[in-house]
Structure formats: structure tokens, C-alpha cells
Amino acid sequence: MLKALQVVHPLILLVAATTLEVCGDAIVRMAIYSHAGLIRLALFLIGASLLLGYGTFLNLAPLQFGRVVGLYIATLFVIWQIVNFIAFRSPPTLPILVGGALVIAGGAIITFWRAA
């Protein structure tokens with residue numbers, strides 16, 4: 001199955017990885033701050049599974065690790081804001097949007113700028 005995923009476009013793998021990471025982090029946060037007992041334990045296990053999936057999908061992307069980081073960070077910012085809004089009802093503020101634009105620009109520079 002992992003071989004089949006290696007033919008998927010790298011951007012799709014990065015979006016899947018960032019979605020798994022952010023959702024895993026959000027579920028762990030919910031486990032820590034909003035639940036107790038067996039529900040907390042179940043949420044920790046679900047979060048851990050999602051985070052394992054994130055690591056797997058990120059490393060399946062057939063890109064040089066130094067380059068994949070730039071695109072990954074930019075994708076992470078976007079997905080993080082979407083999940084933050086959906087899960088925690090927290091819209092991004094102006095400083096987050098301005099800083100995020102810089103993160104996306106930096107990610108694009110790292111990924112696509114080819115040294116002469």
C-alpha cells in the first residue's frame with residue numbers, strides 16, 4: 001500500500017499530512033483541556049494515530065527533505081487556520097493573516113527558488 005501512495009502527487013501527500021497533523025493536534029488539545037477518564041484516553045489514542053499518519057504521509061512525498069519543509073510549512077499554516085476555525089471557532093486575526101502571508105511566501109521561496 002505504501003508503494004501505491006508514492007505515485008500520488010506530492011502536494012496531495014502534503015495536504016493529507018498537514019490535515020492529519022493539525023487534526024491530531026486539535027484532538028490532543030481537546031483531550032487535555034475538555035475531557036477526562038476514558039474519553040480523554042480515547043481522544044489521546046485517536047490523536048496519536050493521526051499524528052503517526054502525518055509522519056507517514058509527509059515522508060512519502062518524493063521530494064528532497066529540505067525543499068518539502070518549505071511547502072509543508074506553508075500548507076500547515078493554511079490547514080491550521082481552517083481547523084482552528086472549525087474546531088475552536090477562532091477566526092484568524094489580522095496579525096495572523098499578515099504573518100501567515102509571510103509564512104506562505106517563505107515556504108514558496110524555499111520550495112521553488114532554484115539557486116543559479
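Could you identify the single residue in 96, 73 that is among the β-branched types (Val, Ile, Thr) and farther than 27 Å from residue 8 by Cβ?
Only one candidate passes the filter, namely 96.
Read through the list (1) surrounded by fewer than 17 Cβ atoms within 10 Å (Cβ to Cβ); (2) touching a His at 6+ places or on another chain (Cβ under 8 Å), then give the number of the only condition that residue 43 fails.
(1)
Looking only at region 74-83, how many residues end up being surrounded by fewer than 17 Cβ atoms within 10 Å (Cβ to Cβ) and under 12 Å from residue 101 (Cα atoms)?
Counting residues in region 74-83 that are surrounded by fewer than 17 Cβ atoms within 10 Å (Cβ to Cβ) and under 12 Å from residue 101 (Cα atoms) gives 1.
Consider only pairs whose beta carbons are under 9 Å apart and that are at least six residues apart or on different chains; among these, list those whose first residue lies in region 5-23 and is more than 15 Å from residue 69 (Cβ to Cβ) and at pLDDT below 85 and whose second residue is outside any helix (DSSP H, G or I) and not aliphatic (A, V, I, L, M).
6/62; 7/62
Could you list, in sequence order, all residues of region 65-99 that are among the polar types (S, T, N, Q), within 16 Å of the chain's Cα centre (by Cα) and farther than 20 Å from residue 111 by Cβ?
84
Taking residue 28, is it at pLDDT 95 or above, among the hydrophobic types (A, V, I, L, M, F, W, C), buried (at least 16 other Cβ atoms within 10 Å of the Cβ) and under 22 Å from residue 78 (Cα atoms)?
yes
The values are calculated or read from the model by the stated rules, or taken from the named source; none is laboratory data. Model, not experiment: these values are computed from the prediction. Don't worry about glycine lacking a Cβ; one is built from the backbone with ideal geometry, like all the others, and counts go over all protein chains shown.
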